[in-house]
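The next block holds one structure in the form of structure tokens; read it before the comments.
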Amino acid sequence: MDDDAAGADVAAVPLLRRRGFRLYLSAQLLGSSGLWMLRMAKDWLVLELTGSAAAVGLLVALQFLPLFVVGPLGGVVADRHDKRRLVLATQTSSAVVAGGLAALTLTGTIAVWHLYASAVLLGLVAAVELPARQALVGEVVGDGSLRSAISLNNALNQGGGLVGPALAGLVIAQVGQGWAFGANALVCVAVVALLGAIRPAELLRAQVVAPARGQLREGFGFVARRPALLGVVVLAGLMGALGMNGPVVLASFADGVWHTGARGFGLYNSVSAIGALAGAVLAARLKRLRVRVVVLGSALFALAEATAAVMPTEGAFVLALGAVGAATLFFLTSAATYVQLAADPAVRGRVLGIYSPVLLGGHALGALLQGWLAEELGVRLGLVVTGGLALLATAAVAAGLARVGRATPPEPDGSHDATPPDHPPDHPS
């Protein structure tokens, strides 16, 4: 059977009955759980070693800044090479880094600079992995099922966000961060095994080869020519900088406000993930996906963040974290879905190689900002400030999109599982 015939047969099978997609989702659930565990263990260990929220912010920044710098090149690599093999290579590299951290921690030789260096290495790995892994979804299911696949993928990632923090809090409290690092290394090995089991015949690869020259320029040009897509990318960067500051905020609340330690840190992350799962499901159930939906999600995100900051009791704070998680994933799911549906398959890796670094590069800068505000103003007032700034940023982007929208044709509705139009919607009306 030739590749085209194999691809047609795969596309005809219902989404969850496709073996390749089930393997992909299983790998995502495991990988997300392990990543949450790794991040929590690193964040908490830095806080223990330094006693500084700013140091946690620096750790987060070092992990995501490489994405901002070299991420677009990662998108070029994803468009020109086998995405499945790229993810296998990056997961193997992550296993090596996690294993090294485990060895250093269990032997008592770990130092803060080791954690900072590992953050940079993992950031470079993620610069290649993120666009390749996100674009791989389209090859596993095809564009006709892409929207549903993205929604399920986000929901499974949040399932990992439920399991990972709870396990991390328990493991850290009982046996320490070293074993959490070791568990993550084993999870990476399991992810490699699952993705390696996907057969090439189960993939629907685009029959387009990226040109040898002008690849970055083509990706940036594709985004720049579509005002709505550009607006979503910009909004993602702003929300990353002003809202996606969970590691710094939750560690500071657990350590300095509620005095609940690693167990509380794990609880707060788990509650946020429960809310995030609800937000991802809500975004998946939308019948239409327009830019105004993404902007609404951003506004809710900012309001929920500021509200959580002023909760007077730990119980109220925990409930507010559920709302923060729901708003966060509603925004991120709708934004990621819009970006992937708006991008032509031939440039999808490069578009994701722009979107992901902007989002996570903003996250890196926001971690530094939030860490500094937590130490200068206190974690509560610092979170109110960033929440207010996030709301102002949302209003500014919405106003800009509205001005553009008055000069462009009406945006087509986005129904479930629709194949992306040749010319994606360009305004929020």
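Computed from the coordinates by the stated procedures, all read-outs in this text should not be read as laboratory data. Everything numeric in this text was worked out from a predicted model, so none of it was measured. Neighbour counts run over all protein chains shown; Cβ positions are idealised from the backbone, glycine included.
Couple of notes before you dig in:
- Sorting the segments 314-322, 102-110, 20-28, 266-274 by their mean number of nearby beta carbons within 10 angstrom, highest to lowest, gives 266-274, 20-28, 314-322, 102-110.
- Net charge contributed by nearby residues that have their C-beta within less than 10 Å of V257 (K/R +1, D/E -1): -1
- GNM flexibility winner over the chain from V120, V141, V404 (Cα, springs under 10 Å): V404
- With the Kirkwood sum run over all distinct C-alpha pairs, region 3-405 has a hydrodynamic radius of 21.1 Å.
- Mean separation of Cα contacts under 8 Å, 6 or more apart, over the residue count of region 87-203: relative contact order %: 51
- Value at 222 nm in deg cm²/dmol, rounded to 500, when DSSP H runs of n ≥ 4 in the chain each add -39,500 (n - 2.57): -27500 deg cm²/dmol
- Signed unit charges on C-beta, dipole axis of region 294-387, positive-most listed residue L303, L321, F331: F331
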